[in-house]
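Trainee: Submitted below is the structure of interest, expressed as structure tokens.
Computed from the coordinates by the stated procedures, all read-outs in this text should not be read as laboratory data. Computed from a predicted model, the values in this text were never measured in an experiment. FYI the Cβ positions are ideal-geometry reconstructions off the backbone, even for glycines, and counts take in every protein chain you see.
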Amino acid sequence: MKDDAFAALDVRNVSHSFGTRKVLDDVSFTIAAGDFTVLLGLNGAGKTTLFALVTGLYHSRDGSISVYGADLRKKYLKALAQIGAVFQQSTLDLDLTVEQNMFYHAALHGMAKSVAAPRITAELERIGLAERRRDRARQLSGGQRRRVELARALIHNPSLLLLDEPTVGLDIESRQFLLDHVRKLCAERGMAVLWATHLIDEADENSKVVVLHKGKVLAAGPAASVIRASGESSLRGAFDQLVGSGPAGKGKP
């Protein structure tokens, strides 16, 4: 159960290195319940490493990470139980059917099949793939597989949804469907969302943003505030100023 007295995600002074290479450097930010936050950074900024730390795949010696007050080091299972995640690399078993993939995920969360079944049906209906539930995952398009991964991440009713570059390799229509669907979930369920991307156009001026560059947080807060502080007229301009880059290609890596 989530505790709204705490931030949905609280990352404090987190650093992480691979050997002598520092990938994250004193990273701090918070996400409130119900916030849609875009973690914006170029490829190599450290976004995937940060997600690996938040989901417990790696453990950092420096700093702390809490999910609704549950510290990942001290209350690991409680923290992870509140997280749904869609990783950059697909984690579907292509030889299993859509519903087999989803029931397996539900079992990992200790859900009885009788409890999981109606939730699976509901989530598949929301993404328009209920009729494909008995198809093997390899029979789906890339965009459809992404939809299934999103639906699977929601079966256990998480309070914090993490998506790491979820639209990479997808066509424009599939990208827009995912973005609209997740924003709607955030609004309807009061779910906190952290959406990591290198694509500026996946954030708008109503989003909250965390700009990550070379392992450091350069700005965090409502997009409008970040734009205003930069003196630029758009989030694209503010981002380019912060990271000292040329224009970030719209919809391009």
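Trainee: In what order do Ser66, Ser114 fall by count of nearby beta-carbon atoms within 10 Å, going from fewest to most?
Mentor: Ser114, Ser66
Trainee: Could you sort 14-20, 235-241 so that the peptide with the highest average Cβ count within 10 Å comes first and the rest follow in order?
Mentor: Highest-to-lowest ranking by the protection proxy: 235-241, 14-20.
Trainee: Which order do Met111, Met102 fall in if you start with the one that has the fewest other Cβ atoms within 10 Å?
Mentor: Least crowded to most crowded, the residues run Met111, Met102.
Trainee: In addition: At most 16 other Cβ atoms within 10 Å plus a DSSP loop assignment makes a site exposed; report the longest stretch of the chain without any exposed GluC sites (Glu not before Pro).
Mentor: 1-204
Trainee: Right, here's the next one. Kindly provide log₁₀ I(q)/I(0) values, in the same order as q = 0.16 Å⁻¹, from the Debye equation applied to equal alpha-carbon scatterers of the stretch 120-253.
Mentor: Computed log10 I(q)/I(0) values: -0.87.
Trainee: Report the trypsin sites (Lys or Arg not before Pro) located in the stretch 171-224 that are in a DSSP loop and have at most 15 other Cβ atoms inside 10 Å of their Cβ, or state none.
Mentor: Sites meeting the loop and neighbour criteria: Lys214.
Trainee: Sticking with this one: Please state the relative contact order of the chain as a whole percent: Cα pairs under 8 Å, 6+ residues apart?
Mentor: With pairs under 8 Å counted, the relative contact order is 25 percent.
Trainee: Looking at Asn206, Ala192, Val67, which one has the Cα that reaches farthest to the positive end of the dipole of the chain (charges on Cβ: Lys, Arg +1; Asp, Glu -1)?
Mentor: Val67
Trainee: Distance in nm between label sites at Arg12 and Ala122, each 7 Å beyond Cα in the beta-carbon direction?
Mentor: Inter-label distance under the simple model: 3.5 nm.
Trainee: When all alpha-carbon pairs of the stretch 130-201 are counted, what percent fall beyond 16 Å?
Mentor: When every Cα pair of the stretch 130-201 is considered, 50 percent fall beyond 16 Å.
Trainee: Any chance you could tell me what percent of the C-alpha pair distances in the stretch 87-157 go past 14 Å?
Mentor: 51 percent
Trainee: Kindly write out, for the stretch 58-69 in residue order, the coupling ³J(HN,Hα) from the Karplus curve 6.51 cos²θ - 1.76 cosθ + 1.60 (θ = phi - 60°), rounded to whole Hz, with x marking Gly and Pro.
Mentor: Working through the residues one at a time gives 10, 10, 9, 7, 10, x, 9, 9, 10, 10, 6, x Hz.
Trainee: Also: List Arg126, Arg73, Arg61 from most exposed to least, where exposure is judged by having the fewest other Cβ atoms within 10 Å.
Mentor: Arg61, Arg73, Arg126
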